[in-house]
1. Rounded to the nearest angstrom and ordered from largest down, what semi-axes does the equivalent ellipsoid of region 374-418 get from its C-alpha gyration tensor (root of 5λ)?
2. Could you give me the radius of gyration and the Dmax of region 304-385, taking only the C-alpha atoms into account and expressing both in angstrom?
3. On a 0 to 90° scale, report how tilted helix 240-258 is relative to the longest principal axis of the chain, with both axes built from alpha carbons and the result rounded to the nearest 10.
4. Take residue 191 and residue 244, extend 7 Å from each Cα along the Cα→Cβ direction, and tell me the distance between the two endpoints in nm.
5. Based on the Cβ-Cβ distance of residue 391 and residue 181, what FRET efficiency does E = 1/(1 + (r/R0)^6) give at R0 = 41 Å, to the nearest 0.05?
6. What is the calculated FRET efficiency for residue 221 to residue 10, with r their C-beta to C-beta distance and R₀ = 30 Å, to the nearest 0.05?
7. Expressed as an acute angle from 0 to 90° and rounded to the nearest 10, what is the orientation of the C-alpha long axis of helix 115-131 relative to the principal long axis of the chain?
8. Is region 295-348 rounded, prolate or oblate when judged by the Cα gyration tensor, a ≥ b ≥ c being the square roots of its eigenvalues, rounded requiring a/c under 1.5 and prolate requiring a/b larger than b/c?
């Protein structure tokens, strides 16, 4: 049965745009907070502390968002598998946008004292909780609407939203930081957060017009439904091997992302680069990567998910040493080449393909829970930990340009990821309508028939 065949091209476009805008808002909100925490929050919410201690406390509030992302993945994933994808995605999008906008309305420490940072942490916690359920839902909504033979391209809409949101967040903060400091600290810092209300309105306009996943609706009336009355328990009991593998093959590349895009901002000035030069380099490389993402996704539709992922993970491992060698040359042009090679030619092979591959590994009844959980844990264990780990390893190696331990750290993570990937089967082109038992034994899944056609398919539906 090919339930996606009844999805019109116009409906498929709405789903793709909705997923893209939702991820744009997700990464705009999340990365905007991180940038503001590094630049202004120490003076706005922790002004009674020394500049150094205030910065530490401001950056420490980032942890609250990362911790609740995992909890949000479990809760919203569970609800999405039980109640429907669209309802939960409307909720996650609304909570993300509203909490980010409210941060721009908060009083400062000088106005209400310690209540100000408490409110900041509360909103950050709620924001991270909602973000935990957004990306996984965006990926599987496009995947479950799309045709079997171009599922990768359709799902890449969500992956393209991540660098776009990051680009917007960094660009807006760069703009407001050109204001006089007194204006920036009194009201200028609020503008990027208040802009979240506008982004939310645009994203909701498209999301409210999206139909529920046809695969989910078909599963509701299937005998398989009896097997997934508790998606969380079913994920842990029946699907833990694929869950573990899907986490492990994402950790290495996401760790490299955290190092080459975040850690580098603090490392580059210590070897002679201007901080603004490093930031502009990351912005430019991230902008180009937006266009590389659908290319790798289309390639995975042609040759399979595993070959493209194998390239992304193995190239990350091989690039860990020469990448830092180039960065350590101390020349801005070479820094751009080093970051661009990773951000454009390597990382998109993982960010474009790993989410849709995870979607294909899990049955419908646990898919939202499993995809969200694997993605968030991959991000936390990779990008969340890597900048701190890199700073610690650099200190252990004596500082300076002693980055060999960091490169070795990335190499080992990627080797583990390649071993995990070797234990997975390539499921490109196969139907998403399968049971929990088949998720453990995908060899028994029948490939889609030649008549299975849908929007985002190479052939039109009959």
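Read-outs: derived from the displayed coordinates by stated rules, not from any lab. Quick caveat: nothing in here was measured; it's all calculated off a predicted structure. A quick note on method: Cβ atoms are made from the backbone with ideal geometry, for glycine too, and the neighbour counts reach across all protein chains shown.
1. 22, 13, 5
2. Values for region 304-385 (Cα only, Rg and Dmax): 15.5, 52 Å.
3. Helix 240-258 sits roughly 30 degrees off the main axis of the chain.
4. So the label points at residue 191 and residue 244 sit 5.2 nm apart.
5. That gives a FRET efficiency of 0.90.
6. Once the sixth-power term is evaluated, E becomes 0.75.
7. Roughly 30 degrees between the two axes.
8. oblate
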